[in-house]
Structures are given as C-alpha cells and as structure tokens.
1. Once neighbouring chains are kept in place and the probe is 1.4 Å, which whole percent of the accessible area of the chain is contributed by carbon and sulfur?
2. Quick check for you: with a 1.4 Å probe and neighbouring chains kept, what is the accessible area per residue of the stretch 1-53, in Å²?
3. So how far apart, in nm, are the two label points at Val133 and Ala405 if each is 7 Å from Cα heading toward Cβ?
4. Can you work out the accessible area per residue across the stretch 275-320, with the rest of the protein chains kept in place, probe 1.4 Å, in square angstrom?
5. On C-alpha positions alone, give me the angle between the axis of helix 95-113 and the longest principal axis of the chain, in degrees, nearest 10.
6. Sort the chain into rounded, prolate or oblate with this rule: let a ≥ b ≥ c be the square roots of the eigenvalues of the Cα gyration tensor; rounded if a/c is under 1.5, and if a/c is not under 1.5, prolate when a/b is larger than b/c, oblate otherwise.
7. Given a Förster distance of 30 angstrom, what is the FRET efficiency for Trp452 paired with Ser124, based on the Cβ-Cβ distance and rounded to 0.05?
8. Zone of Asp196 (label point 7 Å along Cα→Cβ, backbone N under 16 Å): which residues in the stretch 46-80?
Amino acid sequence: MKTVNHWIGGKVVDGVSGDYGPVTNPATGERTARVALASVAEVDRAVAAAKEAYAHWGTSSLAARTAVLFRYRALLDAHREELAELITAEHGKVHSDALGEVARGLEIVELACGITTQLKGELSTQVSNRVDVASIRQPLGVVAGITPFNFPAMVPMWMFPLAVACGNTFVLKPSEKDPSPALRLAELATEAGLPDGVLNVVNGDRIAVDRLLTHPDVAAVSFVGSTPIARHIHTTASAAGKRVQALGGAKNHMLVLPDADLDAAADAAVSAAYGSAGERCMAISAVVAVGDIGDELVAKIRDRAEKIKIGPGDDPASEMGPLITKAHRDKVASYVTGAADQGAEVVLDGTGFTVEGYEDGHWIGLSLLDKVRTDSDAYRDEIFGPVLCVLRAATYEEGLAIVNASPFGNGTAVFTRDGGAARRFQLEVEAGMVGVNVPIPVPVGYHSFGGWKDSLFGDHHIYGNDGVRFYTRGKVVTTRWPDPSDGGVDLGFPKNH
C-alpha cells in the first residue's frame, strides 16, 4: 500500500514514528494509502530544517524570491489537472470543484509574485534637523500552517506563498485525511527553485499540532478549521508567545428580501449550500426568507435540488460528490433524522441516498429543512454537509436580528433589488464578509479573507494586505547623520552649508 510521508529539507522523508492514518477514496470507501503521522522528534526535524534555511532565505533579495514564485506559478498552472485529480481522489469533490480550488489558490501565488510592492516601506525626511525616519517590514522567521481537509490545496496556498515571499520559512501540517495535494505542492516548489528547507510538510495528528504550537523556534501559526480547534490553537500558541491567525467555523446566512429575484436567489442557494457537498466554511447553510416569499422560495430550491446529479468526483456528469469519511457522513445525517422532532419540516431527506456500484462510498443526498427553529441542533451547529435550513422572518429587522444573533460571523449575503436595503444590510450585519446578490463572498486574493466573532481568533485575516502584515513585523529606523560640512572626510563641500 502507498505511504504518504513527510517533505523535509527539500526531499521526501520516511516517517519513523510507526504511527499511520488511513487515506480513503470517499467515492468507494476503499483505503488507498496510509499517511505517516509525525512524532515530536519529526516535527522538530522539520522546524530545524526551516530554521537553517531561514538564515539565507530571510536575507535573500526580493528579486530572487519573486523569480522562484513566478516559476512556481507557471508549474502550478501546468499541473492544474494533476492537482485536481489528487484532490478528487482523496477528498471526493467533483473535478470542476477541484479545478476551482486550484485556481483560487493560484490567486494568492500571483499576489505573492507581486510582493515587491507589498513590502515597500515609508520614509519621512527632515522630521528634525538632519533626522530621517523610515518604516520597514521584516520577516518573522519560521512560521507554521495547519490546514483542513475540505480544501487540501487552496488553503495551504493561502498561507505559504505569501509567507515565503515575505522571507519566512514554512512548516505545513495538512489534514491527514487528504495529504497528497500538499506534498505535491511542496515538490513543485522545489522544482521551481525554492531552496531546501524553505517549505516543509509534516503529516500528523494532534501530537504534531501541539508541538508546532509550543515549539520555541516557531514564530507564528496560521490555522483554518472548526471553531473549537481554532480556539485551542489561539489559546495555546498565544500562551507560548506566538502570533496567531486562527479561522474557525461558520453558519452563513442568506437573507432574501420580498423584492428579490426568487429564481436567482434559488439558484444561488442551491449552488452555495450544496456545492462541494457543503464541506466549505463559506457554504450558505441558512436561508432567511423575509415576508410572504417563503413557500415559493422553498419550492424553487427544492425543484433545483432534486435535479442535482450526485456521483463519483471523477465522473464528468457528477455535480456533487461524497463526504470525506463515513463517520462524517453519519454525523451529517443525524441532523436530518432529528430535525422533525425539533420542529422542522423535512422537505428533502437525503440520508438514504447511495450510488449504484459505489455502495461503500460515503454518500448522502441533498437535504432541505424548512421552518427551522433557532434553538434546534440543525440551526445552531456547523453541519458541514449538504443540509440547507430555511427560516422565516416577517420583516427585514427580524431577519437581520436572526443573522446577528448567531455566534458565528464568517460570511453572509442579502438578495434584493433595493440598493438602500442592501446598503443598510452591509453596514448593519455582524459578519466579516458580505455578499450583495452574491451568495459566497470569498474575496479575491488582494483583499483579505476572514470573519468576526467565533469565526476568527486573532487580529489578522488571511491573505491580502492582512496576510502580508501577519507574516512580517514592522520596524522604525530613525537616523541622523552629520553633514559633510561639519568635518570628517573633505569632499569639497562649502563650510557655510
């Protein structure tokens, strides 16, 4: 059986802990590989390689760094299909979703290619007699990233390209459920000319994570995952004196006002709730229908949802694939089977769905719950699967109150034809990313991604300007030089200057 090992110091390094985790094909349920789980000693080896590489990479020229990144961008572009196939094989998402993931990751690589303008400092001359003040930004050193299973290529690319462009070296701990894409990203980086040790990949579980959080040579930690783990990451790493950006879970709402184009809103709800099988932190998981449009909107969503083709991710006809593991599939199903007892109307129940010929896969169909109560489990929890809850509100104010009462504040959207209502919503809603007639408002690479409340722990959002600030620290230099006319080497300056 294939073993997925570590990438340390520019080469594959066999795991020596003796601990391994399973890697499965979600469409078949078949175990296709095993992944080596790092011990504390193996994490230390990766950090040591990164620390050694930082001695020269941290002082390398911007021209040298960007030359590598431009070559890396070209290699990633040439290997889009290969990376997408790795994602589908281990995560299960359909090929078009996997290609989209690679494309969104490439945006951040392109941002990193332009790091020269992002790292420009500031200069004030003659703030006092012969005194100048300059502000510069410098790298932190060794930084780490801990990434989730749902975007095994994109989220790592949200982190390490900017980090290394800023002059840091990086230790990546990807999800052990689908580790191969991260390893391939590291291989291609080395092929592009990234020096050995600048990017390292250690696979592992909590042992590896906790060592990175407390390792004295790790200066900062980036994380994307669930809220409980994000809180643990932030608390533990901050207590160890590290800079932390920890992006947590979400319960993203879509507020549909009575004047909205209901066909457009239904199309958006289906794509945003069920795309990538709902396994994304920006999925719309709650639609709030305002006024008397609820019945018509639910009917339109149901009509569209029933036509979605579910099947293996490598089948071009498939529009949605399986969930990542059987355990996760069963957990998602439990919210649907218990929904009626908590007051919801089960419009669509996908818990009994399977695919002929792939009966052992981690399948679940699309579920639609109407008239969901805010105290129900299906509403309160981040389900992370293809389950859409619909809530009813009599007015805009009531709908807004529902959205703002959620402990999460990742992304949200409003659907309306009224510009004034949209403007009020974008100012009054308590969320970090807002879409107006856009269901999944993930920012482009040069704007930062991040939520509010229990969706973010730390002061910095990820990528964009916040990403550059996170991976660098500011320094202010105040200088005063004697004028040549004051003495010293005679350069022929007049003495009365």
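1. 52
2. 45
3. 4.9
4. On the way: 1780 Å² over 46 residues.
Value returned for the stretch 275-320: 39 Å² of accessible area per residue.
5. 20
6. oblate
7. On the way: r = 34 Å, r/R0 = 1.15.
Once rounded, the FRET efficiency stands at 0.30.
8. Under cut-off, by backbone N: 46-57.
The values are calculated or read from the model by the stated rules, or taken from the named source; none is laboratory data. This is a predicted model, so every value here is computed, not measured. Every residue, glycine among them, receives a Cβ derived from its backbone with ideal geometry; neighbour counts consider all protein chains shown. Surface areas here come from the heavy atoms of the whole protein model, side chains and all, with no ligands, DNA or RNA. Shrake-Rupley method; radii C 1.70, N 1.55, O 1.52, S 1.80 Å.
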